[in-house]
Amino acid sequence: MPETAITVGAEIPPLERTISLTDMVRYAAATWDFHRYHYDEAFARAMGMPAPFIDGQMYGAIIAAQIGAWAGPESFIRRMSLRYASMAYAGERIRSTGMVTAVEERDGALLATCELNIHGADERLICGPATVVVEIPQ
């Protein structure tokens, strides 16, 4: 459970990381998504891309990790929706930020609705808004 009270407007600690080509290949293996444009630089460049591009589903995994780190190991993501805004590429640094937008108690658990956005190092929006409803045991 988060160290501070969960209230509307509370910030979710940001998550920053550089997504390496190795990260992308591992993710492809875990999800069985082996489209060449996610790992083959020559293929991606032939498509007009500057480098292999990050699989959009990976943003959901990043947000889930961020929410789990904040809400604790007993938390459970009940619902998540994402909106993709722009591409990000192998080697790019991304930053996910978020805040609590609604809080409700139900059946002995706290339901927190959170809105998150992922930006690139140049501040362009990559993914967002994403909405997550997380159940946090009391």
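The values are calculated or read from the model by the stated rules, or taken from the named source; none is laboratory data. Predicted, not measured: the structure shown is a model, and the values here were computed from it. Note that we place each Cβ from the backbone using ideal geometry, even for glycine, and neighbour counts take in every protein chain shown.
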Problem - Condition met for Ala88 (at pLDDT below 95 and touching a strand residue (DSSP E or B) at 6+ places or on another chain (Cβ under 7 Å)) - result: no
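Report yes if some residue within the range 21-33 is assigned to a loop (DSSP other than H, G, I, E, B) and either small (Gly, Ala, Ser) or closer than 15 Å to Cys127 by Cα (or both); otherwise report no.
First, the residues of the range 21-33 that are assigned to a loop (DSSP other than H, G, I, E, B): 32-33.
Among the residues that remain, those that are also either small (Gly, Ala, Ser) or closer than 15 Å to Cys127 by Cα (or both) are: none.
The answer is no, given that none of the residues of the range 21-33 is assigned to a loop (DSSP other than H, G, I, E, B) and either small (Gly, Ala, Ser) or closer than 15 Å to Cys127 by Cα (or both).
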Handout entry: Filter result (of a type in the set (A, V, I, L, M, F, W, C) and over 18 Å from the mean Cα position of the chain (by Cα)) within the range 16-53
Key = Ala29, Trp32, Phe34, Ala42, Phe43, Ala44, Ala46, Met47, Met49, Ala51
Practice task
Take the range 85-101 and flag every residue that is out of contact with any helix residue (DSSP H, G or I) (no Cβ under 8 Å at 6 or more places or on another chain) and surrounded by 18 or more Cβ atoms within 10 Å (Cβ to Cβ).
Solution key: Ala88, Glu92, Val100
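Here's the yes/no breakdown for (1) at positive phi; (2) outside any strand (DSSP E or B):
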position	(1), (2)
Arg45	no, yes
Asp55	no, yes
Ile62	no, yes
Ala69	no, yes
Thr101	no, no
Leu110	no, no
Cys114	no, no
Glu123	yes, yes
Val133	no, no
Handout entry: Leading residue by the ranking (nearest to Ala121 (Cα to Cα)) among those in the range 57-84 that are surrounded by fewer than 15 Cβ atoms within 10 Å (Cβ to Cβ) and touching a Leu at 6+ places or on another chain (Cβ under 8 Å)
Key = Ala65
Exercise for the section: Look at the range 79-94 and say how many of its residues are touching a Ser or Thr at 6+ places or on another chain (Cβ under 9 Å) and more than 18 Å from Val133 (Cα to Cα). Expected result: 5
Fill in the blank from the handout: Flagged pairs (Cβ under 8 angstrom, 6 or more apart or on separate chains; first in the range 56-82, more than 21 Å from Ile19 (Cα to Cα); second part of a helix (DSSP H, G or I)) are Ser75/Ile67; Ser75/Gly68; Ile77/Ala64; Ile77/Ile67; Ile77/Gly68; Met80/Gly60; Met80/Ile63; Met80/Ala64
Problem - Which numbered condition Met99 fails, given (1) over 14 Å from Val133 (Cα atoms); (2) at pLDDT 95 or above - result: (1)
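Going by the structure shown, is Glu104 among the charged types (D, E, K, R) and either buried (at least 20 other Cβ atoms within 10 Å of the Cβ) or in contact (Cβ under 8 Å) with a residue 60 or more places away in the chain (or both)? Break it down into steps so the answer makes sense when it comes.
Numbers: among the charged types (D, E, K, R): yes; either buried (at least 20 other Cβ atoms within 10 Å of the Cβ) or in contact (Cβ under 8 Å) with a residue 60 or more places away in the chain (or both): no.
Criteria not met by Glu104.
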Exercise for the section: May I ask you to say which residue of Thr22, Thr18 is more than 14 Å from Ala130 (Cβ to Cβ), free of Cβ contacts under 8 Å to residues at least 40 places away in the same chain and polar (S, T, N, Q)? Expected result: Thr22
